[in-house]
Amino acid sequence: MASAPVTITAAPLGVGDLARIRAERRPRLEARLASLRPERGVVRDVLVCAGGGCVSCRSTTLAAEFERLIAASGLSDRARVVQVGCMGLCEAAPLVLVAPDGVYYPRVDFSLARRIVTEHLAEDAPIGEAELTHERDGEVRRSRDVPFFARQLKIALRNCGVVDPLSLDDYIALDGYQALAHVLLETTPDAVLDTLKRSGLRGRGGAGFPAGLKWQFVREAAGDEKYIICNGDEGDPGAFMDRSILEGDPHSVIEGMAIAGHVVGARRGYVYVRAEYPLAIERLGHAILEARAAGILGARVLGTEAAFDLEIRIGAGAFVCGEETALIASVEGKRGMPRPRPPFPAQAGLWGRPTLINNVETWANVSPIVLRGAAWFAGIGTARSKGTKVFALAGDVRNTGLVEVPMGISLREIVHDIGGGIRSDQPFKAVQAGGPSGGCVPAEAADVPVDYESLQSLGAVMGSGGLIVLHEGTCMVELTRFFLEFLVDESCGKCPPCRIGLRVMLNLVERITKGLAALEDLDTLMGLARHIQRSSLCGLGQTAPNAVISTLEHFRDEWETHIYDRRCPALQCRALLTYEINEALCNGCTLCAKACTSNAITGELKQLHRIDALLCTHCGACVTACNRGAVVAH
């Protein structure tokens with residue numbers, strides 16, 4: 001997509017202009033959302049996913065090829081190429097949707113693009129064998145009817161994959177900025193606050209604190225200057241929920257923040273985005289310039305007396321800056337480190353002033369709630385967890401990608417129905433929920449509803465929404481070591497429980513993976529985990545032991561096997577593996593011996609080779625080098 005221009009000029013918009021743009025553009029945008037068979041010769045939109053995952057698969061080049069093919073075929077008056085945000089199904093990248101037909105084409109290359117133009121667009125003949133399908137129990141479902149899309153309910157992601165993120169008019173066409181106009185002209189801040197509280201919206205950044213209550217604290221706080229912050233510092237490995245919203249629907253975040261500014265009395269806001277998200281930064285910057293030029297941001301919002309403006313602050317990628325007070329320090333230009341609370345940011349936040357902080361997904365939920373009402377949102381989900389949640393589905397699952405589902409759905413439904421099940425033949429073992437600071441939910445408990453309280457009772461957390469699906473071949477001890485290593489590196493070091501305690505925990509787990517531990521080390525590990533939970537300064541340290549606690553509770557036998565038998569059942573801990581050469585498969589090619597750096601493998605050319613267990617360093621190079629599968633680890 002084109003880079004964001006330095007300046008954007010446009011006439012300021014009023015409420016009447018919003019209605020005009022909606023009337024002009026809404027039918028075409030609604031057609032993209034529908035799944036219907038249009039009449040022959042209808043004008044079609046070729047929607048090319050330009051989310052981060054598809055861009056990495058050269059979807060922008062693909063979009064340019066579609067434009068060339070359409071022009072060369074004389075179809076420019078019957079088809080238009082639109083680069084949209086993430087469509088969700090990253091496994092199928094690059095993904096293309098032909099609207100209003102509602103036909104998805106996965107893994108599109110130049111050859112398939114040519115067929116889509118010459119057959120689907122020119123001849124009104126969708127390519128059935130290339131269409132996205134899902135088959136189960138003899139039933140074949142196509143495109144939007146596949147469970148990955150059919151089982152979702154999109155609120156925060158409502159416009160992602162539908163609107164052009166560089167088009168303000170596209171956003172306005174689907175009710176964009178109608179909620180802001182309603183808040184400024186037709187209701188009161190107290191009424192908006194009441195709606196948000198009754199909706200039951202909780203912060204989607206991790207802790208799940210009631211959003212309306214946090215807004216109320218800032219509104220009631222004393223002070224002439226207040227601030228709004230969007231936390232886009234999404235640091236969990238494999239998580240890309242907030243990034244996708246900023247890339248695909250940045251105006252939804254801007255509108256939510258502008259509404260909050262009017263309600264709590266803030267005139268300035270900051271969007272804090274990590275530097276690893278250049279595409280999100282570019283598109284958000286473009287959207288802010290558009291909104292400012294249109295009079296949606298600035299001194300007179302939509303021609304009223306209200307004032308609100310936004311700036312972007314780019315973070316350096318410190319995981320701890322996901323914590324509110326550390327983020328505030330970073331925005332102020334200081335090193336990102338947390339501080340004790342109270343006072344909370346609602347009383348003394350950015351530059352000591354009352355500050356309202358929510359994450360990207362939370363802001364994206366605000367305008368639909370204002371427009372559709374508290375009862376609508378509260379009617380979705382469970383008794384204490386309302387609405388929907390966006391998850392980044394990754395790991396050993398067929399349909400990796402971004403999904404939004406109602407609160408209360410089970411993990412099993414997410415994994416098997418939406419996710420398509422485990423990609424290998426191995427059984428489903430667990431789901432690691434909530435990122436590095438989350439916990440592991442075993443397959444036996446996968447039928448519990450996904451909400452804040454249920455996950456917490458299992459030793460996991462909702463977190464920002466990372467879900468890593470694990471199969472039976474996963475070593476839970478090694479997985480715990482991996483996440484602890486990440487957290488040790490990301491600890492800011494300010495408080496001793498986190499700085500020292502996590503390092504001690506990591507050392508203990510590493511000893512277990514090497515077969516050097518005793519059974520009492522497990523009790524030491526659990527005691528240390530509980531102490532770090534209770535005494536750490538911020539959320540990083542308080543949640544860091546979750547992986548240890550949850551895996552010890554649900555997979556203790558696996559930990560004990562590492563200690564008692566000096567064996568890794570999943571064959572993941574290399575120090576505990578024994579390597580042997582299968583005599584029936586070895587042809588004496590010497591590849592394994594050449595790869596061995598410890599000279600543990602002996603044997604003449606074209607003769608059987610052997611491994612000296614005393615010299616072997618368990619590096620696994622021999623397994624990688626052998627192209628016949630003759631080297632076996634057990």
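The values are calculated or read from the model by the stated rules, or taken from the named source; none is laboratory data. All values reported here derive from a predicted model rather than from experimental measurement. Here Cβ is always computed from backbone atoms with ideal geometry, including for glycine, and neighbour counts include all displayed protein chains.
Listed values, structure above:
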{"quantity": "Selected residue (only one of T382, T388 is touching a Leu at 6+ places or on another chain (Cβ under 9 Å) and of a type in the set (S, T, Y))", "calculated": "T388"}
{"quantity": "Filter result for L132 (of a type outside the set (S, T, Y), in contact with an Asp or Glu (Cβ under 7 Å, 6 or more places away or on another chain), modelled with pLDDT of 95 or more and surrounded by 16 or more Cβ atoms within 10 Å (Cβ to Cβ))", "calculated": "no"}
{"quantity": "Scope the range 450-486; condition in contact with a Leu (Cβ under 8 Å, 6 or more places away or on another chain), farther than 18 Å from L552 by Cα and assigned to a loop (DSSP other than H, G, I, E, B); matching residues", "calculated": "V450, M462"}
{"quantity": "In the range 191-234, residue nearest to I328 (Cα to Cα) [restricted to those that are modelled with pLDDT of 95 or more and of a type in the set (F, W, Y)]", "calculated": "Y227"}
{"quantity": "Residue selected from the range 496-514 under the condition in contact (Cβ under 8 Å) with a residue 40 or more places away in the chain and touching an Asp or Glu at 6+ places or on another chain (Cβ under 9 Å), by the criterion nearest to F482 (Cα to Cα)", "calculated": "T513"}
{"quantity": "Within the range 576-600, tally of residues that are closer than 30 Å to I563 by Cβ, in a loop (DSSP other than H, G, I, E, B) and among the hydrophobic types (A, V, I, L, M, F, W, C)", "calculated": "3"}
{"quantity": "Matching residues, the range 237-263, being farther than 20 Å from Y177 by Cα and either in a loop (DSSP other than H, G, I, E, B) or not assigned by TED's automatic domain parsing to the domain that holds S367 (or both)", "calculated": "P237, G238, A239, F240"}
{"quantity": "Close pairs (9 angstrom Cβ cut-off, 6 or more residues apart or separate chains): in the same structural domain as A433 (by TED's automatic domain parsing) and within 27 Å of R107 (Cα to Cα) in the range 399-412, aromatic (F, W, Y) and surrounded by fewer than 23 Cβ atoms within 10 Å (Cβ to Cβ) anywhere", "calculated": "R412/F428"}
{"quantity": "Candidate set from the range 307-325 (those that are within 29 Å of A291 (Cα to Cα) and part of a helix (DSSP H, G or I)); member that is nearest to the chain's Cα centre (by Cα)", "calculated": "G322"}
{"quantity": "V431 surrounded by 23 or more Cβ atoms within 10 Å (Cβ to Cβ), in contact with a His (Cβ under 9 Å, 6 or more places away or on another chain) and outside any loop (DSSP other than H, G, I, E, B)", "calculated": "no"}
{"quantity": "Flag if D451 is surrounded by fewer than 24 Cβ atoms within 10 Å (Cβ to Cβ), outside the structural domain of R136 (by TED's automatic domain parsing) and within 16 Å of V390 (Cα to Cα)", "calculated": "yes"}
{"quantity": "Any hit, the range 149-168, residues being in contact with a helix residue (DSSP H, G or I) (Cβ under 6 Å, 6 or more places away or on another chain), acidic (D, E) and modelled with pLDDT of 95 or more", "calculated": "yes"}
{"quantity": "Some residue of the range 511-519 being of a type in the set (D, E, K, R) and assigned to a loop (DSSP other than H, G, I, E, B)", "calculated": "yes"}
{"quantity": "Matching residues in the range 77-116 - criterion: being over 26 Å from the mean Cα position of the chain (by Cα), part of a helix (DSSP H, G or I) and surrounded by fewer than 22 Cβ atoms within 10 Å (Cβ to Cβ)", "calculated": "F110, S111, L112, R114, R115"}
{"quantity": "One residue from R499, R481 being farther than 14 Å from V431 by Cα, surrounded by 20 or more Cβ atoms within 10 Å (Cβ to Cβ) and not assigned by TED's automatic domain parsing to the domain that holds T362", "calculated": "R481"}
{"quantity": "Which listed residue, of I70, I155, I127, is among the β-branched types (V, I, T) and not assigned by TED's automatic domain parsing to the domain that holds L47", "calculated": "I155"}
{"quantity": "Among the residues listed as T561, T551, the single one being within 30 Å of D521 (Cα to Cα), in contact with a Lys or Arg (Cβ under 9 Å, 6 or more places away or on another chain) and in a helix (DSSP H, G or I)", "calculated": "T561"}
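This table checks each residue for (1) closer than 30 Å to G208 by Cβ; (2) within 44 Å of the chain's Cα centre (by Cα); (3) touching a residue at least 12 places away in the same chain (Cβ under 8 Å).
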{"position": "A544", "(1), (2), (3)": "yes, yes, yes"}
{"position": "R566", "(1), (2), (3)": "no, yes, yes"}
{"position": "T590", "(1), (2), (3)": "no, no, yes"}
{"position": "L608", "(1), (2), (3)": "no, no, yes"}
{"position": "T617", "(1), (2), (3)": "no, yes, yes"}
{"position": "G620", "(1), (2), (3)": "no, yes, yes"}
